[in-house]
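What follows is a set of notes on a single structure, which appears directly below.
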Amino acid sequence: MTEQAPRTEDPRRPETRRASSLVLVNTGDGKGKSTAAMGMVMRSVARGWKVAVVQFIKSGQWKVGEEKAGRLLGVDWDVGGDGFSWDSEDLERSAELNRGVWQIARQRIEEGVHRLVVLDEITYPINWGWIDEQEVVDAIADRPPDVNVVITGRDAPARLIEIADTVTEMVMVKHAYESGIRAMRGIDF
């Protein structure tokens, strides 16, 4: 391991301002995009915020730990996909389900009730042309002032990155799946 000297200069900006809300994008090929968003869900709930998670792609048959914990904490949780695209027997039906999920997400954003709205894996249906990219960008850009939005998924479209305040790209250095290890309950879902 390479030793590094501790930081001696203060990295903080001398002048900062408060924002009423933020747009955050977690993208990239590495693990942790949705996991990081769920960390924000926990922080927001702890601050007394009303929170909504809207999951694209995933079906209600997935029993993910985050959903169970979120619901127990009062998070509004919407799931509407039908699973991995490569498992779909009817991609047009998958597209239609995701368009329906987008309508729920759009309502969650526009109604202004939730201080945090997570759009989990929304980049996929945007990139596949299932939901209109400009419509998503407009809904997020025109959101009520106190609504924070977190976007997750690989290959985030440039227009989403452009309107975001914070963009994090997860990079895969090594992943257990690459060596043949299945996803683990409690770690991966």
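Note on the stretch 1-61: Cα-only Rg and Dmax are 17.4, 51 Å.
In whole percent, what relative contact order does the chain give with Cα contacts below 8 Å and a gap of six or more residues? Answer for the chain is 33 percent.
Here the calculated FRET efficiency for residue 3 and residue 172, from their Cβ-Cβ distance with R0 = 25 Å, stands at 0.45, rounded to the nearest 0.05.
The largest-to-smallest principal axis extents of the Cα set in the chain are 57, 45, 35 Å.
Inter-part distance, the stretch 154-185 to the stretch 1-57, computed on C-alpha centroids, equals 14 Å. Spatially close Lys pairs in the chain, defined by Cα atoms under 22 Å apart and a spacing of eight or more places or different chains, total 11.
Our estimate of slack between residue 90 and residue 187, defined as 0.36 nm per intervening residue step minus the Cα-Cα distance, is 31.9 nm. Solvent-accessible area of the chain (1.4 angstrom probe, protein heavy atoms only): carbon and sulfur portion equals 49 percent. Under the simplified labelling scheme, the residue 155-residue 17 pair shows an inter-label distance of 3.6 nm, with each label point 7 Å from Cα along Cα→Cβ. The Stokes-Einstein estimate for the stretch 35-119, based on a Kirkwood radius over Cα pairs and taken at 20 °C with 1.002 mPa s viscosity, is a diffusion coefficient of 160 µm²/s. In the complete set of protein chains, residue-level accessible area for residue 91 is approximately 90 Å², probe 1.4 angstrom.
Note on residue 142: accessible area is roughly 120 Å² with a 1.4 Å probe, heavy atoms of protein only.
Longest stretch of the chain clear of exposed loop sites (GluC sites (Glu not before Pro), DSSP loop, at most 16 other Cβ atoms within 10 Å, sites excluded): 90-189. Amide H to amide H distances under 5 Å link residue 82 with 57, where only residues 5 or more positions off or on other chains count and H is placed in the peptide plane.
For every other residue with a beta carbon closer than 13 angstrom to the beta carbon of residue 140, add +1 if it is Lys or Arg and -1 if Asp or Glu, then tell me the sum.
My count for the surroundings of residue 140 gives -4.
Dividing the C-alpha radius of gyration of the stretch 72-173 by 2.2 N^0.38 Å, with N its residue count, gives 1.09. Eigenvalues of the alpha-carbon gyration tensor of the stretch 73-131, scaled by 5 and square-rooted, set the equivalent ellipsoid semi-axes at 23, 12, 9 angstrom, largest first. Under the combined filter of DSSP loop state and at most 10 neighbouring Cβ atoms within 10 Å, the stretch 1-83 retains these trypsin sites (Lys or Arg not before Pro): 7, 12, 17, 18, 47, 63.
Computed on protein heavy atoms with a 1.4 Å probe, the accessible areas place 56, 84 in the order 84, 56, largest first. Would you list the membrane-span-like helices of the chain, meaning whole DSSP H runs whose alpha-carbon atoms span at least 18 Å along their axis and whose mean Kyte-Doolittle value is at least 0.5? Going by DSSP H runs, the hits are 33-46. Scanning residues 5 or more positions from residue 53 or on other chains, those with amide H under 5 Å from its amide H are 76, 77, 78, 118, with H placed 1.01 Å from N in the peptide plane.
The values are calculated or read from the model by the stated rules, or taken from the named source; none is laboratory data. Given the structure is predicted, the values throughout are model-derived calculations rather than measurements. Don't worry about glycine lacking a Cβ; one is built from the backbone with ideal geometry, like all the others, and counts go over all protein chains shown. Ligands, DNA and RNA are excluded from the accessible area calculation, which covers all protein heavy atoms including side chains. Shrake-Rupley method; radii C 1.70, N 1.55, O 1.52, S 1.80 Å.
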